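The values are calculated or read from the model by the stated rules, or taken from the named source; none is laboratory data. Just so it is clear, the structure is predicted and the values come from calculations on it, not from any experiment. As a convention, Cβ positions derive from the backbone with ideal geometry for all residues, glycine included, and neighbour counts pool all protein chains shown.
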Amino acid sequence: MWINVAGAGALGHLPMNGPISLVVLRRATRAASRGVREWRMIAKGLLSTRHPIDAHIIPIRRCNLSCAYCNEFDSFSKPVPTAEMLRRIDRLAALGTTIITISGGEPLLHSELDEIIRRIRRRGIIAGLITNGYLLTPERIARLNRAGLDHLQISIDNVMPDEVSKKSLKVLDKKLEMLAQYAEFHVNINSVLGSPVRNPEDALAVARRALSLGLTSTVGILHDGSGQLQALSQRQQQIFLEIMRMGKASYARLNDFQRKIALGKPNNWRCRAGSRYLYICEDGLVHYCSQQRGYPAIPLDEYTPAHLEHEFFTNKTCAPRCTVSCVQQVAMIDFWRGPQTRAAFKPAEPLVQLQSRAAER
Ligand code: SF4
Ligand code: SF4
């Protein structure tokens, strides 16, 4: 979900110097229209609990990188056929979904990504994209502009590439400059903290660079293989809070949530995965989230309002120590209602082990 928790506002990436270009005017117009659609999305979410607010869809599981901490990619999968992706978007639209976020793997490896984004927008849904940014060029950014993309997010893990991650400021800085120059959509740069990150000061450098380019900035905590919390060191905690402050965060409840995560304390919240948030894998199955694949693993075609209703009231035992922030953001809309008293669906199969599937082929 695209709530700006730690960054400048939607108009924040207007350059402050130089002549106003066509890109700047388009960016401002689109930010205004996006703002109206986002308020509509929030109003719809407050008025009814019977539709998904945010669905993540995976058009390709393959990635051009191989970050050591990641369990969401492989090196061999083919793209999901575009016709099938469009069908899934139509199905999500029929369920009343208000945001669709395209994730992966690396979604820019899907050659018809523009068609997928276009269909999301045609169905009146807000379109987001999470990418590692490596494949961005001015031409690709122009294609994303034309397709109507609303939000793009890149996570940057360090300043210099290392054996854990190549998502580095050194490699991606040129891409950030390109986005600042050409993107008509909102761009957020997420810096990360947690045990896989060698130098926590890098997160500060990434956040400062993003803000200096007029992009927005958030900070996340890398979770373990089951989406669970690992306590931050004292210095990491200081940096976490500093980046949140830099971003002029304004959502008090979410800030409190994030602060507790940074301090290693459990959160008391109601995870609405399977209801207000859906994760649709490359095989078209609905899962709770990227870290709980296999639950409930029901084909999207067979997912009904009854499933949404069931999961809205289903208690998720992994919630107190969860760090999956997009699901936590979605949960804010309903935090004051709908106590969860139901037992979870029996999992269809164990948690998906992506790399082990390679050996099976
Ligand atoms: S770029 Fe993203 S999907 Fe690819 S390996 Fe790294 S974290 Fe995983
Ligand atoms: S609490 Fe929800 S979002 Fe977090 S790991 Fe569990 S199912 Fe996923």
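Number of residues in the stretch 142-158 that are buried (at least 21 other Cβ atoms within 10 Å of the Cβ), more than 16 Å from ligand 1 (Cβ to nearest atom) and touching a residue at least 40 places away in the same chain (Cβ under 8 Å): the value is 3. When the stretch 320-332 is filtered for residues that are of a type in the set (A, V, I, L, M) and near ligand 2 (Cβ under 10 Å from one of its atoms), the ones remaining, listed by number, are 324, 327, 330, 331. Checking every residue in the stretch 64-81 against the condition of being on the phi < 0 side of the Ramachandran plot, touching a strand residue (DSSP E or B) at 6+ places or on another chain (Cβ under 8 Å) and assigned to a helix (DSSP H, G or I) gives zero matches. Residues that are surrounded by 16 or more Cβ atoms within 10 Å (Cβ to Cβ) and away from ligand 1 (no atom under 16 Å from the Cβ) do not occur anywhere in the stretch 64-79.
Listed here are the residues, each with its yes/no results for (1) buried (at least 18 other Cβ atoms within 10 Å of the Cβ); (2) away from ligand 1 (no atom under 16 Å from the Cβ).
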| position | (1), (2) |
| --- | --- |
| 286 | yes, yes |
| 289 | yes, no |
| 305 | no, yes |
| 331 | yes, yes |
| 336 | no, yes |
| 341 | no, yes |
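Only one entry of 97, 131, 101 meets the criterion of being within 16 Å of ligand 2 (Cβ to nearest atom), buried (at least 19 other Cβ atoms within 10 Å of the Cβ), in contact (Cβ under 8 Å) with a residue 12 or more places away in the chain and hydroxyl-bearing (Ser, Thr, Tyr), and that entry is 101. I'd like to check something: does the stretch 84-101 contain any residue that is touching a Gly at 6+ places or on another chain (Cβ under 7 Å), within 14 Å of ligand 1 (Cβ to nearest atom) and of a type outside the set (Asp, Glu)? Within the stretch 84-101, one or more residues are touching a Gly at 6+ places or on another chain (Cβ under 7 Å), within 14 Å of ligand 1 (Cβ to nearest atom) and of a type outside the set (Asp, Glu). On inspection, residue 323 fails the criterion of being closer than 30 Å to residue 47 by Cβ, modelled with pLDDT of 50 or more and surrounded by fewer than 14 Cβ atoms within 10 Å (Cβ to Cβ).
Within the option set 317, 341, being within 15 Å of ligand 2 (Cβ to nearest atom), more than 20 Å from the chain's Cα centre (by Cα), among the hydroxyl-bearing types (Ser, Thr, Tyr) and at pLDDT below 90 holds for one residue only, 317. The residue that is surrounded by the most Cβ atoms within 10 Å (Cβ to Cβ), counting only those in the stretch 165-208 that are free of Cβ contacts under 8 Å to residues at least 60 places away in the same chain and hydroxyl-bearing (Ser, Thr, Tyr), is 191. Selection of the stretch 254-274 for residues being buried (at least 24 other Cβ atoms within 10 Å of the Cβ), out of contact with any His (no Cβ under 8 Å at 6 or more places or on another chain) and part of a loop (DSSP other than H, G, I, E, B) yields 271, 272. Among residues of the stretch 28-46 that are modelled with pLDDT under 95, those with a Cβ under 6 angstrom from a residue that is surrounded by fewer than 16 Cβ atoms within 10 Å (Cβ to Cβ), sequence gap 6+ or separate chain, pair up as 31/11.
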